[in-house]
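Trainee: One structure follows; several queries about it will come next.
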Amino acid sequence: MKKITTSFITFGLIFGLASNSELSAQTLDGKQIIEKVYNRPTPPNQTSTLTMTLINKSGETRVRTIKQNTKDFGDVEKNIMFFITPADVKNTSFMNWTYTDATKSDDQWIYLPALKKTKRISSESKSDYFMGSDFTYDDLGDRKVEDDTHKLIGKETLDGKECYIVESVSKDKSYMYSKTVTWVVKDHFIELKKEFYDEEGEKLKVQHIKKYGDFDGFYIKILEEMVNVQDKHSTSLFFENINISVNLPEDLFTERMLMRGI
C-alpha cells in the first residue's frame, strides 16, 4: 500500500527506500516531494511494542505500554493497538483503516473498557486529542496528498541529513491546522520533522523523529516526539520488538477484536 504518515501512527510509521539516481534525474516541487513520501512502499505486516511517555509542563510523567499490529490489504491498510499498562488504560484499544482511494477518509474506532463499548470516531471528533497525548485522532491517520497545496520553501541539513522543507496548506479552510511545515530527508523521503500551526497561524506542535533503523530494506521509526509548544506538554513514542516477518490474520482487524483485546 502507498501512504503518507503524520504521526503515529500512525502509530505505525514505516519508511521505504528510494533511488538516489531517480532523485538526481529531476528537480522536484513541493507536491512531488510529498507524493514520494506518500508512495513509499511498506511491508505487508508489522508488529511492535511501543512505550508512550507523556510529560506535562510541571515535569510530571505518565508511561503507557501498547501492542501494535499493522497489515496491508492492498486497497486499505489496517492498524490496531491494545493498551497493556497501566491499569487505568489497560484493555483500551484503537483501530484505524487508511484507504488508497483519495476520496475516502480514514475509519477509526476506540474501545473503552469502562463503558464496554466501541465508539466510532466521527469527523467532528478528529481534532480531539488521543488518550491524553499530543496526537489528535487526525494525526493518527493518513492525510491524502490532494487535501493540501504543497510548496517547496527551502532546503536544510537537520540531524546531519539533507532535507527538503515543504509547506502544506489545507484546501479546507475549516481544517484544524492552518498549515504544516515538513522536513523530508532527500535520500529516503522520510518526514524527519513536522511543525503544525493552529488556526491563527501560530506554531502549535512540533513532531520530530529522533531515531529510525533499517529493517530488511525498510526504514522504520524507533523513537519520535511530539511537543505542544503552547501547552508545554510532550509525548514520546519508543518502538521496540519490531517484526515485519509475521503474517497477521485478517480477522485481527475487526471491532470484535477491539473488544476482545489480546
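The values are calculated or read from the model by the stated rules, or taken from the named source; none is laboratory data. Predicted, not measured: the structure shown is a model, and the values here were computed from it. A quick note on method: Cβ atoms are made from the backbone with ideal geometry, for glycine too, and the neighbour counts reach across all protein chains shown.
Trainee: Do we find that I66 is more than 17 Å from the chain's Cα centre (by Cα) and in contact (Cβ under 8 Å) with a residue 24 or more places away in the chain in this structure? Even if it seems obvious, please write down each step before you answer.
Mentor: On the way: more than 17 Å from the chain's Cα centre (by Cα): no; in contact (Cβ under 8 Å) with a residue 24 or more places away in the chain: yes.
For I66, the condition - more than 17 Å from the chain's Cα centre (by Cα) and in contact (Cβ under 8 Å) with a residue 24 or more places away in the chain - is not met.
Trainee: Among F189, F253, F239, which is the only one that is on the phi > 0 side of the Ramachandran plot and crowded, with 20+ Cβ neighbours inside 10 Å? Write out each step before concluding.
Mentor: Working: F253 fails: on the phi > 0 side of the Ramachandran plot; F239 fails: on the phi > 0 side of the Ramachandran plot.
Unique residue meeting the criteria: F189.
Okay, residues lined up against (1) in contact (Cβ under 8 Å) with a residue 12 or more places away in the chain; (2) more than 17 Å from G201 (Cβ to Cβ); (3) under 20 Å from the mean Cα position of the chain (by Cα):
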| residue | (1), (2), (3) |
| --- | --- |
| V145 | yes, yes, yes |
| K151 | yes, no, no |
| G154 | no, yes, no |
| T157 | no, yes, no |
| Y164 | yes, yes, yes |
| S170 | yes, no, yes |
| K173 | no, no, no |
| S178 | yes, no, yes |
| K186 | yes, yes, yes |
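Trainee: Right, another one. Using the structure shown, decide if V184 is among the aliphatic types (A, V, I, L, M), part of a strand (DSSP E or B) and in contact with a His (Cβ under 8 Å, 6 or more places away or on another chain). Steps first, answer last, please.
Mentor: Values: among the aliphatic types (A, V, I, L, M): yes; part of a strand (DSSP E or B): yes; in contact with a His (Cβ under 8 Å, 6 or more places away or on another chain): no.
Taking the combined requirement at face value, the residue does not satisfy it.
Trainee: Taking the condition part of a strand (DSSP E or B), hydrophobic (A, V, I, L, M, F, W, C), under 22 Å from P44 (Cα atoms) and out of contact with any Phe, Trp or Tyr (no Cβ under 6 Å at 6 or more places or on another chain), does F189 pass?
Mentor: On the way: part of a strand (DSSP E or B): no; hydrophobic (A, V, I, L, M, F, W, C): yes; under 22 Å from P44 (Cα atoms): yes; out of contact with any Phe, Trp or Tyr (no Cβ under 6 Å at 6 or more places or on another chain): yes.
Judged against the criteria, F189 is not a match.
Trainee: Here is a further query. Take the conditions small (G, A, S) and over 16 Å from Y129 (Cα atoms) and apply them to S168. Does it pass?
Mentor: Details: small (G, A, S): yes; over 16 Å from Y129 (Cα atoms): yes.
Yes; evaluated as a whole, the condition is true for this residue.
Trainee: Here is a further query. Let me spell it out: the conditions are (1) over 17 Å from the mean Cα position of the chain (by Cα); (2) in contact (Cβ under 8 Å) with a residue 40 or more places away in the chain, and W109 meets all of them except one. Which number is the exception?
Mentor: (1)
Trainee: Still on this model: I'd like to know if segment 211-221 contains one or more residues that are in contact (Cβ under 8 Å) with a residue 24 or more places away in the chain, assigned to a loop (DSSP other than H, G, I, E, B) and among the acidic types (D, E).
Mentor: Yes, because at least one residue in segment 211-221 is in contact (Cβ under 8 Å) with a residue 24 or more places away in the chain, assigned to a loop (DSSP other than H, G, I, E, B) and among the acidic types (D, E).
Trainee: Next question. Give the residue that is nearest to the chain's Cα centre (by Cα), with candidates limited to residues of segment 87-104 that are part of a loop (DSSP other than H, G, I, E, B) and touching a residue at least 24 places away in the same chain (Cβ under 8 Å). Let's see the steps before the verdict.
Mentor: Going through segment 87-104, the residues part of a loop (DSSP other than H, G, I, E, B) turn out to be 87-92, 100-104.
Going one step further and asking which of them are touching a residue at least 24 places away in the same chain (Cβ under 8 Å), we end up with 89, 91-92, 100-102.
Numbers: V89: 21, N91: 22, T92: 19, T100: 16, D101: 18, A102: 17 Å.
The residue in question is T100.
Trainee: Here is a further query. Mind checking whether some residue in segment 226-247 is touching a Pro at 6+ places or on another chain (Cβ under 7 Å) and either modelled with pLDDT under 95 or farther than 22 Å from T92 by Cβ (or both)?
Mentor: Pass one, segment 226-247, residues touching a Pro at 6+ places or on another chain (Cβ under 7 Å): 244.
Keeping just the survivors that are either modelled with pLDDT under 95 or farther than 22 Å from T92 by Cβ (or both) gives 244.
Yes - at least one qualifying residue is present in segment 226-247.
Trainee: Can you name the residue in segment 69-88 that is in contact with a Lys or Arg (Cβ under 9 Å, 6 or more places away or on another chain) and either of a type in the set (D, E) or over 19 Å from E240 (Cβ atoms) (or both) and, of all such residues, is surrounded by the most Cβ atoms within 10 Å (Cβ to Cβ)?
Mentor: E77
Trainee: Go through (1) assigned to a strand (DSSP E or B); (2) out of contact with any Phe, Trp or Tyr (no Cβ under 8 Å at 6 or more places or on another chain) one by one and return the number of the condition D138 breaks.
Mentor: Status for D138: all satisfied but (1).
Trainee: Just need a number here: residues in segment 217-262 that are closer than 23 Å to P41 by Cα, of a type in the set (V, I, T) and more than 14 Å from the chain's Cα centre (by Cα).
Mentor: Narrowing segment 217-262 to residues closer than 23 Å to P41 by Cα: 217-224, 237-250, 252-253.
From what is left, the residues that are of a type in the set (V, I, T) are 220, 222, 242, 244, 246.
Those left that are additionally more than 14 Å from the chain's Cα centre (by Cα): 242, 244, 246.
Within segment 217-262, residues that are closer than 23 Å to P41 by Cα, of a type in the set (V, I, T) and more than 14 Å from the chain's Cα centre (by Cα) number 3.
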